[in-house]
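Here the structure is laid out as structure tokens; the discussion comes afterwards.
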């Protein structure tokens, strides 16, 4: 089997991290979402909303972190690795807020290729706001559209994961690899 680096993406509050956590429990190699970590670290340093106040700095930090994750996934022993979000997510969020970004963001998306991308649709019944998720549900739906457009721009055919139990969603993903 060749190395498979799989992205699970979607707007905020769609169940990505829950699925990743469940895959970890099942013994799969997974990399967690890092934007929450970056956001919380900025808050500890007194910057309440780094993504809103300095979106390019925030996005550069995410780019560096996600690139490190991708490079680690490629060299991992496991043939199957799941990622909670991918590098193109960064550009989708930049499109969402209407900000420009340097060419190396685009180049990194072209150079760091994932095997497959699963996308989780907006799901109002499970959506929750918290200290690191500032978007409301309407914004989450717009972000979802930006994610689909951005991944398509880089040549990915996204596989939409239907709503359902965590177990059903995991089975769907595993059956579509």
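Values in this text are rule-based calculations from the coordinates and carry no lab data. Here the structure is a predicted model, which is why all the values come from computation and not from measurement. Cβ placement follows ideal geometry from the backbone for every residue including glycine, while neighbour counts extend to all protein chains displayed.
In whole angstrom, how far apart do the alpha carbon centroids of segment 80-98 and segment 144-175 sit?
13 Å
Only one of the values [x] 26; [y] 48; [z] 21 was calculated from this structure for percent of Cα pairs over 27 Å apart; name its label.
Entry [z].
Please report 136, 103, 89 as a ranked list, fewest other C-beta atoms within 10 angstrom at the top and most at the bottom.
Working: 136 12, 103 7, 89 26.
Arranged by neighbour count, lowest to highest, 136, 103, 89 become 103, 136, 89.
Name the most mobile residue of 39, 150, 165, meaning the one with the largest mean-square fluctuation, in a Gaussian network model of the chain with Cα contacts below 10 Å.
165
How compact is segment 89-177 by the rule of thumb for globular proteins, expressed as Cα Rg over 2.2 N^0.38 Å?
1.20
Based on other C-beta atoms within 10 Å, arrange 142, 5 from fewest to most. It would help to have the intermediate numbers written out before the result.
Numbers: 142 14, 5 23.
Least to most surrounded, the residues fall as 142, 5.
Based on the alpha-carbon gyration tensor of segment 64-120 and its eigenvalue square roots a ≥ b ≥ c, which shape applies: rounded if a/c is under 1.5, prolate if not and a/b is larger than b/c, or oblate?
Values: a/c = 2.61, a/b = 1.71, b/c = 1.53.
Taking the square roots of the gyration eigenvalues as a ≥ b ≥ c, segment 64-120 is prolate.
If each residue's Cβ is checked for other Cβ atoms within 10 Å, how do 83, 61 rank with the fewest at the top? Before the final figure, lay out the partial values.
Values: 83 25, 61 21.
In increasing order of surrounding Cβ atoms, one gets 61, 83.
Under 8 Å for C-alpha pairs, at least 6 residues apart: give me the relative contact order for segment 4-175, rounded to a whole percent.
Working: 246 pairs, mean separation 61.5, N = 172.
Computed value for segment 4-175: 36 percent relative contact order.
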